[in-house]
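Okay, so here's the structure we're looking at.
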């Protein structure tokens, strides 16, 4: 049976996500930075939390773990290779150890660079992926624990997912990302149209989630180092993709 996905805004610009499997009693939360908004959402929707899923160890994705586990007894699932930094972890997963959520077999993608243990949860039967802080709408995460080549490899792995796959990421950075993308590829008509849409959504205080893999491939500069316009903007027409990606990331760090 299809999952229901509820977006739970947390902190200033974080998102947690409630995943409920109707008729099973199963409910998971992805990347709870703080407990209160999650508990409020659970109450509003009449749900009981059974699982906590973490994409990586940063406090703004795991800060609610222990309080939620104490309140609900939920099982904490996260990157096994980084279990020492995941508060309260019960079950470690990686690409060789997928995870089962009721009838849903969840693929794990190891996508390091933002952190060395970062993972994505892929619900292929639902056509949904939770990318944490590796892939954002029109952006990608900072290189805290990996280099440009590592991040480009991680993003390239996400690019192999179906274009129709819905992407839920860890932060509402989309408008800032769009403005940066326009400085690199102003001739991209799909990017320009998306920027207008995103601006209108944010002016109304509405979320820009989810996006899709296909839309990101058309408008996200971090997935487009091969774009002739981006290369011309950077003066890197003959550079390799990793070098172009590294320059894009460096410019975004200072945007």
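The values are calculated or read from the model by the stated rules, or taken from the named source; none is laboratory data. Just so we're clear, the structure is a prediction, and the values are computed from it rather than from any experiment. Quick reminder, even Gly has a Cβ in these numbers, built from the backbone with ideal geometry, and neighbours come from all protein chains shown.
Among strands (runs of 3 or more DSSP E) lying entirely in segment 1-51, which contain 2 or more residues that are farther than 17 Å from residue 209 by Cα?
14-21, 26-30
Taking the conditions exactly as written (over 26 Å from residue 143 (Cα atoms), in contact (Cβ under 8 Å) with a residue 12 or more places away in the chain and surrounded by 14 or more Cβ atoms within 10 Å (Cβ to Cβ)), does residue 72 satisfy them or not?
yes
What's the number of the only condition in (1) in contact (Cβ under 8 Å) with a residue 24 or more places away in the chain; (2) over 14 Å from residue 26 (Cα atoms); (3) under 22 Å from the mean Cα position of the chain (by Cα) that residue 51 fails to meet?
(2)
Let me spell it out: the conditions are (1) more than 14 Å from the chain's Cα centre (by Cα); (2) surrounded by fewer than 22 Cβ atoms within 10 Å (Cβ to Cβ), and residue 157 meets all of them except one. Which number is the exception?
So residue 157 meets the others, but not (1).
Between 181, 113, which is closer than 26 Å to residue 249 by Cβ, in a loop (DSSP other than H, G, I, E, B), out of contact with any strand residue (DSSP E or B) (no Cβ under 6 Å at 6 or more places or on another chain) and without any contact (Cβ under 8 Å) to a residue 60 or more places away in the chain?
Criteria check complete, one pass: 113.
Say whether the condition of being under 24 Å from residue 53 (Cα atoms) and either in contact (Cβ under 8 Å) with a residue 12 or more places away in the chain or buried (at least 20 other Cβ atoms within 10 Å of the Cβ) (or both) is met by at least one residue in segment 198-208.
Yes, some residue in segment 198-208 is under 24 Å from residue 53 (Cα atoms) and either in contact (Cβ under 8 Å) with a residue 12 or more places away in the chain or buried (at least 20 other Cβ atoms within 10 Å of the Cβ) (or both).
Kindly establish whether residue 151 is within 24 Å of residue 245 (Cβ to Cβ), without any contact (Cβ under 8 Å) to a residue 60 or more places away in the chain, more than 11 Å from the chain's Cα centre (by Cα) and buried (at least 17 other Cβ atoms within 10 Å of the Cβ).
no
Tell me, yes or no, whether segment 90-110 has at least one residue that is at pLDDT 95 or above, outside any helix (DSSP H, G or I) and under 30 Å from residue 255 (Cβ atoms).
So far as segment 90-110 goes, yes, one or more of its residues are at pLDDT 95 or above, outside any helix (DSSP H, G or I) and under 30 Å from residue 255 (Cβ atoms).
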